[in-house]
1. Quick check: is even one residue across segment 37-57 closer than 17 Å to Y81 by Cα, of a type in the set (V, I, T) and assigned to a strand (DSSP E or B)?
2. Give the number of residues within segment 72-90 that are part of a helix (DSSP H, G or I) and either modelled with pLDDT under 95 or more than 14 Å from the ligand (Cβ to nearest atom) (or both).
3. For G54, indicate whether it is crowded, with 24+ Cβ neighbours inside 10 Å and either in contact (Cβ under 8 Å) with a residue 24 or more places away in the chain or more than 9 Å from the ligand (Cβ to nearest atom) (or both).
4. Considering each of A130, A99 in turn, give the residue that is more than 10 Å from the ligand (Cβ to nearest atom), modelled with pLDDT of 95 or more, over 15 Å from the mean Cα position of the chain (by Cα) and in a loop (DSSP other than H, G, I, E, B).
5. Return a yes/no flag: does segment 209-226 have any residue that is crowded, with 20+ Cβ neighbours inside 10 Å, more than 21 Å from A87 (Cβ to Cβ) and within 12 Å of the ligand (Cβ to nearest atom).
6. State yes or no: is A234 within 25 Å of F88 (Cα to Cα) and in contact with a strand residue (DSSP E or B) (Cβ under 8 Å, 6 or more places away or on another chain)?
7. So R38 passes all but one of these: (1) touching an Asp or Glu at 6+ places or on another chain (Cβ under 6 Å); (2) among the basic types (K, R); (3) farther than 16 Å from L122 by Cβ. Which condition number does it fail?
8. From (1) under 16 Å from the mean Cα position of the chain (by Cα); (2) more than 10 Å from the ligand (Cβ to nearest atom), pick out the condition that doesn't hold for V120.
Amino acid sequence: MKTLQDKIALVTGGTTGIGRATAIAFARAGAKVVVSGRREKEGAETMRLVKEAGGDGLFVKADVSVAADVERLVATTVSTYGRLDIAFNNAGVESAVMAPTADQDDDDFDKVMNINVKGVYLSLKYEIPAMLKGGGGAIVNTSSVAGLIGMGGVGPYVASKHAVIGLTKSAALEYSKAGVRVNAVAPAAIETPMLERFTEAVPKDFLTSLHPIGRLGQPEEIADAVVWLSSPQASFVSGQTIAVDGAFTAQ
Ligand code: NAP
């Protein structure tokens, strides 16, 4: 069943990893997909995979921490397809510094906050009016299990992912009645380029042992949750954060 047939979906951070897998899953579910990110070569590869999956759409280069870029991204989507129905605000970066709070780096803190928090804030700011014009929509933001619990050594990242849940809840309170549902996903460790970088510092076996399910997650497993949250099957779900984490946060 194509649960998103003829919907117009936007994915930030769609050039690799979870965003790429979700762009493909949106296409398989019948949506036209606008994929965004800063790297054009990787964006083109995502579009190739979207088309290979029988879908269609376009890549728009944009930095989510720059308001003019996000405004242009949403405007391009609406001018090309006439409306915006679904948005997956997924662009994010990890902390480059692994250290206790007193030893954190101020510039890295600003970078993480600008992309992970301001990026989601700006995305919501420009997506919501476009969705309201079309009579409603569904938004999913990417938080993390680091948005649900504390983790030593990555305080700025943890703070940024808690903030994503705050933005999600507030926007859901403001716009659910007008027809825009806003939710978040909270993945545990998922095998993406970000995890590859992280496992240069933290061994993969150790990371795996933290997951009661006994393995790491795959990007497609997050994509499935995002497709469901974006679909009419989740019509009464808003303001929620769904952990997709192999029981990580059940401990
Ligand atoms: P990834 O492969 O590194 O993907 C990150 C994506 O974010 C890329 O498409 C990247 O594209 C984009 N991005 C980064 N900064 C951006 C900016 N300023 N403007 C626009 N796009 C930007 O890693 P991933 O694991 O799929 O991460 C996706 C999301 O999941 C992130 O929010 C991450 O925090 C979250 N997450 C990941 C895990 C995990 O274990 N992998 C767990 C929990 C949560 P460009 O570089 O082309 O701009």
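1. Within segment 37-57, none of the residues are closer than 17 Å to Y81 by Cα, of a type in the set (V, I, T) and assigned to a strand (DSSP E or B).
2. The initial filter retains those residues of segment 72-90 that are part of a helix (DSSP H, G or I), namely 72-81.
In the following step, the residues that additionally are either modelled with pLDDT under 95 or more than 14 Å from the ligand (Cβ to nearest atom) (or both) were identified as 75-81.
Total satisfying the criteria: 7.
3. Values: crowded, with 24+ Cβ neighbours inside 10 Å: no; either in contact (Cβ under 8 Å) with a residue 24 or more places away in the chain or more than 9 Å from the ligand (Cβ to nearest atom) (or both): yes.
Considered against the rule, which asks whether it is crowded, with 24+ Cβ neighbours inside 10 Å and either in contact (Cβ under 8 Å) with a residue 24 or more places away in the chain or more than 9 Å from the ligand (Cβ to nearest atom) (or both), G54 comes out as no.
4. On the way: A130 fails: in a loop (DSSP other than H, G, I, E, B).
That would be A99, the only listed residue that is more than 10 Å from the ligand (Cβ to nearest atom), modelled with pLDDT of 95 or more, over 15 Å from the mean Cα position of the chain (by Cα) and in a loop (DSSP other than H, G, I, E, B).
5. Residues of segment 209-226 crowded, with 20+ Cβ neighbours inside 10 Å: 217, 219, 222-223, 225-226.
In the following step, the residues that additionally are more than 21 Å from A87 (Cβ to Cβ) were identified as 217.
Now narrow it down to the ones that are within 12 Å of the ligand (Cβ to nearest atom): 217.
Yes - at least one qualifying residue is present in segment 209-226.
6. yes
7. (3) is the only condition that R38 fails.
8. Result: V120 fails condition (2) only.
The values are calculated or read from the model by the stated rules, or taken from the named source; none is laboratory data. Quantities reported herein were computed from a predicted structural model and do not represent experimental measurements. Reconstructed Cβ throughout: ideal geometry from the backbone, glycine too, with neighbour counts over all protein chains shown.
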